[in-house]
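Q: A single structure is presented below for examination.
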Amino acid sequence: MRAIDKGRPLLLSLAIAVGIAAAAGPAAALPWTNFNAMSQRPITSFNKADIDLMTKTVNNALSNGQDGVKASWSNPATGSSGSITPAADPQNRPGCRLAQIDNHHRALHGDGGYIFCKNTGKQGPPWKLLGHWPA
């Protein structure tokens, strides 16, 4: 049995949030169209190296980045790239930050705002995804 990557829960949470955000609105009326919306998101085409680069950049930007200062990542081997711009949590929750995430995989593009809160537990990623920020 292989060990679970610490960054995987972040990716899974992020993929779910991106999928939920993509499925909101008119597509929500037709449940089967949710899957089409998710299939057109860059994150669904990322390989392990892309996910690792994105996760490392998200965690570093949230832990050490200044509000409004973009942190970028790129994997020329796959055509994937992205950026994370951290900001203060709009609801002023302690230990939480807003992250504007912009991802690309070749011609696919996806972006959105997400709220992350510092993980105070002993296990798991350093930041937990709270949810999509609609603004």
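Q: Kindly list the number of the only condition in (1) surrounded by fewer than 18 Cβ atoms within 10 Å (Cβ to Cβ); (2) in contact with a strand residue (DSSP E or B) (Cβ under 7 Å, 6 or more places away or on another chain); (3) within 16 Å of Asp67 (Cβ to Cβ) that fails for Pro94.
A: Of (1) surrounded by fewer than 18 Cβ atoms within 10 Å (Cβ to Cβ); (2) in contact with a strand residue (DSSP E or B) (Cβ under 7 Å, 6 or more places away or on another chain); (3) within 16 Å of Asp67 (Cβ to Cβ), only one is false for Pro94: (2).
Q: Out of all the residues in segment 73-89, is one or more over 23 Å from Arg41 (Cα atoms), surrounded by fewer than 16 Cβ atoms within 10 Å (Cβ to Cβ) and not small (Gly, Ala, Ser)? Give the steps one after another, and end with the answer.
A: To start, the set of residues in segment 73-89 that are over 23 Å from Arg41 (Cα atoms) comprises 87-89.
Applying the additional criterion that residues be surrounded by fewer than 16 Cβ atoms within 10 Å (Cβ to Cβ) yields 88.
The next check asks that each one be not small (Gly, Ala, Ser); those that pass are none.
For segment 73-89, residues over 23 Å from Arg41 (Cα atoms), surrounded by fewer than 16 Cβ atoms within 10 Å (Cβ to Cβ) and not small (Gly, Ala, Ser): absent.
Q: Could you run through segment 108-135 and say how many residues are closer than 13 Å to Gly82 by Cα and of a type in the set (A, V, I, L, M)? It would help to see each step written out before you state the result.
A: At the first step, the residues of segment 108-135 found to be closer than 13 Å to Gly82 by Cα are 108-112.
Within this subset, residues satisfying the condition of being of a type in the set (A, V, I, L, M) are 108.
Residues flagged as closer than 13 Å to Gly82 by Cα and of a type in the set (A, V, I, L, M) within segment 108-135 amount to 1.
Q: Checking the conditions here, which among Asn60, Asn64 is surrounded by fewer than 19 Cβ atoms within 10 Å (Cβ to Cβ), out of contact with any helix residue (DSSP H, G or I) (no Cβ under 6 Å at 6 or more places or on another chain) and farther than 23 Å from Arg41 by Cβ? If you could, list the steps in order and put the result at the bottom.
A: Numbers: Asn60 fails: farther than 23 Å from Arg41 by Cβ.
Selected residue: Asn64, the only one of Asn60, Asn64 that is surrounded by fewer than 19 Cβ atoms within 10 Å (Cβ to Cβ), out of contact with any helix residue (DSSP H, G or I) (no Cβ under 6 Å at 6 or more places or on another chain) and farther than 23 Å from Arg41 by Cβ.
Q: Give just the number: which of (1) more than 16 Å from the chain's Cα centre (by Cα); (2) among the hydroxyl-bearing types (Ser, Thr, Tyr); (3) modelled with pLDDT of 95 or more does Ser72 not satisfy?
A: (1)
Q: Please indicate, with yes or no, whether at least one residue in segment 100-112 is of a type in the set (A, V, I, L, M), surrounded by 15 or more Cβ atoms within 10 Å (Cβ to Cβ), assigned to a strand (DSSP E or B) and at pLDDT below 90.
A: The answer is yes; a qualifying residue exists.
Q: Working only within segment 25-69, note down all residues that are at pLDDT below 95 and in a loop (DSSP other than H, G, I, E, B).
A: Those that are at pLDDT below 95 and in a loop (DSSP other than H, G, I, E, B): Leu30, Pro31, Trp32, Gln40, Arg41, Phe46, Asn47.
The values are calculated or read from the model by the stated rules, or taken from the named source; none is laboratory data. Owing to the predicted nature of the structure, the values given are computational and were not obtained by experimental measurement. A quick note on method: Cβ atoms are made from the backbone with ideal geometry, for glycine too, and the neighbour counts reach across all protein chains shown.
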